[in-house]
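The next block holds one structure in the form of structure tokens; read it before the comments.
The values are calculated or read from the model by the stated rules, or taken from the named source; none is laboratory data. Treat the numbers as computed from the prediction; the structure is a model and nothing was measured. Cβ coordinates were reconstructed from backbone atoms using ideal geometry, including for glycine residues, and neighbour counts include every protein chain displayed. These accessible areas exclude ligands, DNA and RNA; they are computed on the full protein's heavy atoms, side chains included. Shrake-Rupley method; radii C 1.70, N 1.55, O 1.52, S 1.80 Å.
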Amino acid sequence: MRQLALSLGLAAFTLVGAPASAETITGASRIIDGDSLEVAGRKIDLLGVDAPELGQTCKWPKKEINCGLIAKSALMDLTAGVSVVCELAAGDRGGNALGVCRAAGYDLAEGMTHTGWAVAIDGAPQRYKTAMAGAQEARRALWHGQFTLPWIWRAQEGEAGQ
């Protein structure tokens, strides 16, 4: 009997003390902007990156572009026609869940930094920073001209909560 009680107690400790596995959401996506999407009714911000806001412009040689809208289109391209799988992380940003999302196995945040339409933030995985450095060197997308970092633009526009 004592052995059974000890075993049950150990099992209960293991269940309670073990870290919970991350919630995974799968389904078709609706793109909100360059770093957020909706999957299975949940709004999710891509963990580790920040992209220009809708309406944010960038200066390219000889013209100004709506880089926020183009960043949204870039994320739409990465998810077109495939199911998206998001592993949610603890916490949220502006009421949206945070997560690592993949389309056909491809990490969307890494793809957005590689194409140059998002920037890796402090604490982002090294692979995002490496992808961003490649985009900077090749002068892709945002790095083709001049732009304001998204979090600075939001602060200047009074939209820090977005």
Scanning segment 58-116 residue by residue, those among the hydroxyl-bearing types (Ser, Thr, Tyr), under 17 Å from Glu38 (Cβ atoms) and surrounded by fewer than 20 Cβ atoms within 10 Å (Cβ to Cβ) turn out to be Ser73, Ser83
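Residue by residue, here is whether (1) part of a loop (DSSP other than H, G, I, E, B); (2) out of contact with any Cys (no Cβ under 9 Å at 6 or more places or on another chain) holds:
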residue: Gln56; (1), (2): yes, no
residue: Lys72; (1), (2): no, yes
residue: Leu75; (1), (2): no, yes
residue: Gly81; (1), (2): yes, yes
residue: Glu87; (1), (2): no, no
- prompt: Among the residues of segment 17-40, is any closer than 29 Å to Glu157 by Cα, open to solvent by 60 Å² or more (accessible area, probe 1.4 Å) and modelled with pLDDT of 95 or more?
  reply: yes
Q: Check whether at least one residue in segment 97-116 is within 17 Å of Gly55 (Cα to Cα), in contact (Cβ under 8 Å) with a residue 24 or more places away in the chain and not basic (Lys, Arg), and report yes or no.
A: no
Cβ pairs under 7 Å, 6+ apart or interchain, first in segment 70-91 and at positive phi, second at pLDDT 95 or above and outside any loop (DSSP other than H, G, I, E, B), ordered by first then second residue, are Gly91/Leu98
| said: Being assigned to a helix (DSSP H, G or I), free of Cβ contacts under 8 Å to residues at least 40 places away in the same chain and surrounded by 18 or more Cβ atoms within 10 Å (Cβ to Cβ): is that true of Glu137 here? | reply: no
